[in-house]
């Protein structure tokens with residue numbers, strides 16, 4: 001048989017490691033159920049805050065509650081998928097400090113698969129579930145002129161958004177290698193990014209919107225394609241075709257994140273601990 005490609009080997013290793021953590025987490029079923037339910041409630045507090053805000057106002061930045069609920073749901077669901085798959089990468093700095101990262105380097109398994117699947121937690125399904133529920137409600141409540149293209153664009157946004165957030169997780173982990181930790185910086189772009197995208201671009205300054213469109217293209221998670229679905233003006237006057245660019249942006253982000261990760265690994269110097 002021919003030798004497996006690095007990608008296939010990485011996915012296989014990821015599945016084996018993640019499966020091990022799933023079996024470990026399912027040992028105590030009652031604890032698992034309560035943890036998932038608690039995670040769902042905690043992540044739902046963000047949307048409760050939005051509901052409370054709309055109990056006092058009719059719109060925010062010209063956007064209605066169902067429209068903002070759509071932005072919220074797309075952001076939370078996409079981020080939830082990425083967080084479940086790669087959310088453990090923010091502990092990379094701690095691994096480098098205690099020397100356990102060196103152990104991963106000598107194993108005959110892709111390092112990215114090991115770090116990404118480390119402490120894989122099914123409890124993070126709570127965030128995805130909560131986002132999916134709000135997404136279903138917002139799609140039914142929003143006043144949009146639906147077409148086949150717009151309907152198909154919804155799952156494309158979720159998948160592309162998850163890929164973009166995943167790329168940010170990987171790039172953030174690569175930065176931790178250079179900076180010898182800085183997990184807080186990574187969290188600012190991951191957790192901070194999903195919070196930013198829960199609100200319409202019209203409430204932010206143009207410089208910030210430009211930054212999350214061209215520098216760190218989080219706007220393609222929901223702002224840009226959702227503007228097409230809702231027949232709203234595109235952020236900072238982007239052309240109409242940009243609504244369908246999310247998959248290309250996701251591929252580009254993943255390629256750059258992969259390059260940053262490989263560069264980080266090559267430059268890594270053990271702490272000696």
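Being closer than 22 Å to residue 13 by Cα, crowded, with 17+ Cβ neighbours inside 10 Å and in contact with a helix residue (DSSP H, G or I) (Cβ under 9 Å, 6 or more places away or on another chain) is the requirement here; does residue 81 meet it?
Criteria met by residue 81.
Within segment 23-37, can you find the residues that are touching a residue at least 24 places away in the same chain (Cβ under 8 Å) and farther than 17 Å from residue 127 by Cβ?
26
Being crowded, with 23+ Cβ neighbours inside 10 Å and at pLDDT 90 or above narrows it down to one residue among 209, 221; which is it?
221
For residue 177, indicate whether it is within 28 Å of residue 100 (Cα to Cα) and in a helix (DSSP H, G or I).
Taking the combined requirement at face value, the residue satisfies it.
Considering every residue within segment 1-24, establish whether at least one is surrounded by 11 or more Cβ atoms within 10 Å (Cβ to Cβ) and part of a loop (DSSP other than H, G, I, E, B).
Yes: one or more hits.
In this structure, is residue 133 part of a helix (DSSP H, G or I) and closer than 30 Å to residue 10 by Cα?
no
Kindly indicate which of 173, 162, 226, 167 is within 23 Å of residue 83 (Cβ to Cβ), modelled with pLDDT under 90 and surrounded by 21 or more Cβ atoms within 10 Å (Cβ to Cβ).
Every option except 173 fails the conditions.
Output the residue which, of all residues in segment 102-114 that are without any contact (Cβ under 8 Å) to a residue 12 or more places away in the chain and assigned to a helix (DSSP H, G or I), is farthest from the chain's Cα centre (by Cα).
This residue is 106.
Does residue 51 fit the bill of being more than 27 Å from residue 172 (Cα to Cα) and either in a helix (DSSP H, G or I) or without any contact (Cβ under 8 Å) to a residue 24 or more places away in the chain (or both)?
Against the criterion (more than 27 Å from residue 172 (Cα to Cα) and either in a helix (DSSP H, G or I) or without any contact (Cβ under 8 Å) to a residue 24 or more places away in the chain (or both)), residue 51 qualifies.
Could you tell me whether residue 73 is surrounded by 17 or more Cβ atoms within 10 Å (Cβ to Cβ), within 22 Å of residue 231 (Cα to Cα) and in contact with a helix residue (DSSP H, G or I) (Cβ under 7 Å, 6 or more places away or on another chain)?
yes
Criterion first (within 30 Å of residue 28 (Cα to Cα), modelled with pLDDT under 85, in a helix (DSSP H, G or I) and in contact with a helix residue (DSSP H, G or I) (Cβ under 7 Å, 6 or more places away or on another chain)) does residue 95 satisfy it?
For residue 95, the condition - within 30 Å of residue 28 (Cα to Cα), modelled with pLDDT under 85, in a helix (DSSP H, G or I) and in contact with a helix residue (DSSP H, G or I) (Cβ under 7 Å, 6 or more places away or on another chain) - is met.
Exactly one of (1) surrounded by fewer than 14 Cβ atoms within 10 Å (Cβ to Cβ); (2) in contact with a helix residue (DSSP H, G or I) (Cβ under 7 Å, 6 or more places away or on another chain) is unmet by residue 36. Its number?
(1)
Answer yes or no as to whether residue 178 is surrounded by fewer than 18 Cβ atoms within 10 Å (Cβ to Cβ), over 19 Å from residue 231 (Cβ atoms), in contact (Cβ under 8 Å) with a residue 24 or more places away in the chain and touching a helix residue (DSSP H, G or I) at 6+ places or on another chain (Cβ under 7 Å).
Taking the combined requirement at face value, the residue satisfies it.
The values are calculated or read from the model by the stated rules, or taken from the named source; none is laboratory data. What you see is a predicted model; the values in this text were computed from it and never measured. As a convention, Cβ positions derive from the backbone with ideal geometry for all residues, glycine included, and neighbour counts pool all protein chains shown.
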